[in-house]
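Colleague: Take a look at the following structure, please.
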Amino acid sequence: MQVIKYVFQPHGDERGQLVSLEEYRDIPFNIKRVYFMYDTVANVVRGHHAHKSLEQILVCIHGSCKIKLDNGSETKIIPLEKPYEGLYVANNMWREMFDFSDDAVLMVFASELYDENDYIRDYDEFLAFIKSEK
Ligand code: T46
């Protein structure tokens with residue numbers, strides 16, 4: 001399973017750092033939605049779902065967390081701990097987010113508006129869906 005992690009360009013100077021993300025330049029799709037999670041309770045695991053068509057880039061802009069990706073045959077755990085790194089999460093990929101630091105802010109750039117019909121929240125349904133797509 002190929003993991004795609006983007007390293008964004010920080011525009012640093014004596015005042016500090018600034019990262020700018022533009023659609024199709026830094027983010028490989030049209031950004032239709034941005035959301036973020038913070039104050040995540042200790043030991044919580046979020047996610048537990050896949051998307052039928054949504055593509056996303058996950059950036060832990062403060063603190064750290066880990067992302068587990070599962071394509072149905074392989075699983076990888078990717079730490080996110082730098083505000084200038086972005087993890088690409090394709091459609092048809094089961095994801096779980098865990099091990100959030102107290103101060104973690106996980107920001108997500110999404111290719112589509114929120115649509116509950118795009119979610120697969122049952123793991124067996126996910127396996128059947130990706131099999132049907134092949
Ligand atoms: C994903 C991972 C990385 C909205 O109303 N609008 C939104 O855009 C989102 C993302 C969520 N919500 C509502 C739906 C639920 O009532 O916020 C609540 C929490 O959402 P959810 O339980 O889906 O959150 P996570 O952290 O499990 O998953 C989220 C995204 O939903 C998902 O697309 O890939 O982050």
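Each reported figure results from applying straightforward, stated rules to the coordinates on display, with no laboratory input. In this text, all values refer to a predicted model and were calculated from it rather than measured experimentally. So basically every Cβ, Gly included, is an ideal-geometry build from the backbone, and we count neighbours across all protein chains shown.
Colleague: Determine the pairs where a residue that is on the phi > 0 side of the Ramachandran plot, located within segment 56-79, has a partner that is polar (S, T, N, Q) with Cβ atoms under 8 Å apart, the partner being 6 or more residues away or on another chain.
Modeller: These pairs meet every condition: G63/S101; G72/N92.
Colleague: Could you list, ordered by first residue, the pairs with Cβ atoms under 7 Å in which the first is in segment 112-129 and touching a residue at least 12 places away in the same chain (Cβ under 8 Å) and the second is in a helix (DSSP H, G or I) and of a type outside the set (A, V, I, L, M), at least 6 apart or interchain?
Modeller: E112/D118; I120/F126; I120/F129
Colleague: So, of the residues in segment 82-131 that are within 13 Å of the ligand (Cβ to nearest atom) and of a type in the set (G, A, S), which turns out to be farthest from R33 (Cα to Cα)?
Modeller: A104
Colleague: Going by what's in this entry, would S20 be described as under 28 Å from S132 (Cα atoms), of a type in the set (S, T, N, Q) and surrounded by fewer than 16 Cβ atoms within 10 Å (Cβ to Cβ)?
Modeller: So S20 fails the test.
Colleague: Are there any pairs with C-beta distances below 8 angstrom linking a residue in segment 38-52 that is farther than 15 Å from T75 by Cβ and within 11 Å of the ligand (Cβ to nearest atom) to a residue that is among the aromatic types (F, W, Y) and in a loop (DSSP other than H, G, I, E, B), with the two at least 6 apart or on different chains, and if so which?
Modeller: T40/F100; V44/F100
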